[in-house]
Amino acid sequence: MTTAKKKHIALLPKMAVSNIRKNTSTYLPYMGVSTFAMFTYFVFDLILKNDIMYTLPKGTYTLILVLIGFWLLGIIMVPFLYYNNSFLIKRRKKELGLYSMLGLEKKHIGIMMFWESLIIYFCVMAAAICLGLVFSRLIFLLLLNLARMQVDVQFSVSPAAVTDSLLFYAFVTALNLTVNLVQVGKANPVELMGDSRKGEKEPRHIFVWSILGACALGAGYSIALSSQLDVYVFTDFFLAVLLVILGTYFLFTSGSIAALRFLKRRKKFYYRADHFITVSGMLYRMKKSAASLSNICVFSTMVIITAVCTVVVYLDMDTIVKSGIRRTFEFICLGDAETNAAGLREEAGTLAKQNRVTLEEELLFGYVELRAVLDGDAFLPWDGSGNDVADLKYLMLMTAAEYEWMAGTSLPLAPEEAVVFSTGADFASDRILFPALEYQVKEELTECPIDKKASDNRFSNRYLAVLSDETQVEKVCAAFGIDRAGMHSCFYGFELLGQDGDIDAFSLALGQRFSAVQGFLGYQDHRTHMADQKSMYGGLLFIGIFFGAIFLICLLIIMYYKQLTEGFEDQKNFEVMQQVGMSDSEIRHAIRTQISIVFGLPLLGAIVHTAVGMRMVYMLLGAIGFFELPLLVGCTAAGCLVFALIYGVSYKQTSMAYYKIVRHMN
């Protein structure tokens, strides 16, 4: 290698530094986005690699959820950082073409790009790791707090997390550099000079793709609106999301072009200065713009839905964790409830006073429980060997007197009449059948002390049938082949108010005392189960907060890059318009019209997607015990409003940046 060539190669790192320094308006946003992405990745990995996560009580569910979130984050970050790089290389192509025309060889350009990537790599990783070290403990404490776990713990930094992050971003940087080198290597200098302003060709078969888009979107909406809380709800969810994304992309890509062509054919509308610029400009690059618009619409929908789900789970956490639990402390024994009531309450009251706790929300009732299969309006004996477990229903039988004693309300019934209650969907029949027995349903209760009703809960399998007297209960039991006297049970449940230590002592003493009661069947202290549930849902909240923030940042970055790129593309066009006599106010109005359309359509689409999708989201939340529809509707409306305000501020800032670019203003 000659001395001159060595000097040229030695200059390439300096040129790389100079290029980054002179193009800060392009490089700084790119590096800022990459730093945010790697900071998030590094923090997630730090949490996973922290030994304390494997020793914290009730931390298993949270650890699993964070691990799932970490892998999903990696899957999202690779295409997102690639998308981020595509804007950078598009802005650089004119500069690289100029270098090539001035005599710099492709291999030298490649070496210079390698040095640029290396410099950016070290700057991004240094900033991401520093930010991660500063904020990781704070974020870790947020996770523990949301998961309802102890927060007085030591947080250590794992070298393995640093290594993972360095390798992950090295892979992304190598991928982006390879793509950039291939694009630059295949193009000649003239193509590079003009590629940054090159318009996209319109897609072919617009009508066909528009119809397919409408059909895909309609099918996705139909699945979302018709879904039920059953074993297929998760499959339906992923299918609906896929169809809506495809429909959104096709409609923005082909449907928008069809609409613009329609406007172009309307001569009175099209041949006005502002409309001409807007319609022709959007047609010029609609394939690229439509892809960005569809991405903005999809990310906007993700932000709203993620935020709404996070908020409603947080607000309804206590109800969710108690789903399926009548009382936190429950005791069951064989025998008559009314006979045992005085003794049970006296024993519990005495132990409560001794341990300085207070009994609240006491619930005491007698019943007979049957295992059955529901066939229409008929309850039939459940055969464990011949029936699917999913078809199993728990049927509770009470006499009218037992119900009145429990609820404190009168419930007169004739021998042929019954009152029914379902914890899930309504029984919805005017009769209830048992083998060789039929009763007329006098009333279906919407509320009952034994449990809370959730009409949309298709997984619920608990029913109550109140019959007139013991004779009728004995007939039904006989039809199921059981003895009513031997199966009659007593339920006693309550909540406790007091210090944790006192409650622990009371629960232990009560469990020991009640285990000696004749006919003892079981005593349950559900606090451990509820704590596990809170830990799991706290982990979900943590994932929701982080991913909501990530989706929002991704959305804002796409919006920023879109307007930045199109501003530079339109710069020359508006110069020509000014030269032919277009006034400053006309330019402003044209810009306002175009950006309003560009920004308004994704926002409108996101709100419509969210409104339709919330039906399915409600079903999905039902799988974890959430059935507060008014709360979900209110949070959805508030979420759309808040997001629209954030979106509007972004629109305002983007339009100002766009206008400064096309008008050469600093």
- Here the qualifying pairs (Cβ atoms under 8 Å; residues six or more apart or on different chains; first in segment 128-152 and among the aliphatic types (A, V, I, L, M); second modelled with pLDDT of 70 or more and not in a helix (DSSP H, G or I)) come out as LEU133/VAL157
- For segment 601-614, indicate whether the set of residues that are over 30 Å from TYR314 (Cα atoms) and modelled with pLDDT under 80 is non-empty. no
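In this structure, is GLY376 within 18 Å of TYR439 (Cα to Cα), surrounded by fewer than 15 Cβ atoms within 10 Å (Cβ to Cβ) and either under 37 Å from the mean Cα position of the chain (by Cα) or modelled with pLDDT under 90 (or both)?
On the way: within 18 Å of TYR439 (Cα to Cα): yes; surrounded by fewer than 15 Cβ atoms within 10 Å (Cβ to Cβ): yes; either under 37 Å from the mean Cα position of the chain (by Cα) or modelled with pLDDT under 90 (or both): yes.
Yes, satisfied.
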- Query: Are there any pairs, at least 6 apart or on different chains, whose C-beta atoms fall under 8 Å, with the first in segment 24-40 and in contact (Cβ under 8 Å) with a residue 60 or more places away in the chain and under 19 Å from PHE140 (Cα atoms) and the second of a type in the set (Ser, Thr, Tyr) and open to solvent by less than 40 Å² (accessible area, probe 1.4 Å), and if so, which?
  - Reply: MET38/SER165; MET38/TYR169
- Message: Go through segment 411-426 and report how many residues are at pLDDT 90 or above, buried (at least 17 other Cβ atoms within 10 Å of the Cβ) and not acidic (Asp, Glu).
- Response: 6
- Message: Among the residues of segment 391-410, are any outside any helix (DSSP H, G or I), open to solvent by 70 Å² or more (accessible area, probe 1.4 Å), over 30 Å from GLY349 (Cβ atoms) and not β-branched (Val, Ile, Thr)?
- Response: no
- Task: Report yes if some residue within segment 617-629 is buried (at least 20 other Cβ atoms within 10 Å of the Cβ), modelled with pLDDT of 90 or more and closer than 26 Å to SER222 by Cα; otherwise report no.
- Result: no
- Task: Report yes if TYR314 is among the hydroxyl-bearing types (Ser, Thr, Tyr) and assigned to a strand (DSSP E or B), otherwise no.
- Result: no
- Does at least one position in segment 156-170 carry a residue that is part of a loop (DSSP other than H, G, I, E, B), at pLDDT below 60 and open to solvent by 50 Å² or more (accessible area, probe 1.4 Å)? no
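Among the residues of segment 391-400, are any small (Gly, Ala, Ser) and modelled with pLDDT of 90 or more?
So in segment 391-400, the residues small (Gly, Ala, Ser) come out as 400.
Narrowing further to those that are modelled with pLDDT of 90 or more: 400.
Yes, there is a match, as at least one residue in segment 391-400 is small (Gly, Ala, Ser) and modelled with pLDDT of 90 or more.
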- Among all residue pairs at least 6 apart or on different chains, which show Cβ distances below 7 Å where the first residue, located in segment 289-308, is at negative phi and in a helix (DSSP H, G or I) and the second is hydroxyl-bearing (Ser, Thr, Tyr) and open to solvent by 30 Å² or more (accessible area, probe 1.4 Å)? SER294/TYR249
- Filter segment 346-373 down to residues that are open to solvent by 30 Å² or more (accessible area, probe 1.4 Å), part of a strand (DSSP E or B) and not aliphatic (A, V, I, L, M), then give me how many there are. 6
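The values are calculated or read from the model by the stated rules, or taken from the named source; none is laboratory data. Remember, predicted model here, so these are calculated numbers, not experimental data. Every residue, glycine as well, gets a Cβ built from its backbone with ideal geometry; the counts of neighbours run over all protein chains shown. Heads up: the accessible areas ignore ligands, DNA and RNA and are worked out on the full protein's heavy atoms, side chains in. Shrake-Rupley method; radii C 1.70, N 1.55, O 1.52, S 1.80 Å.
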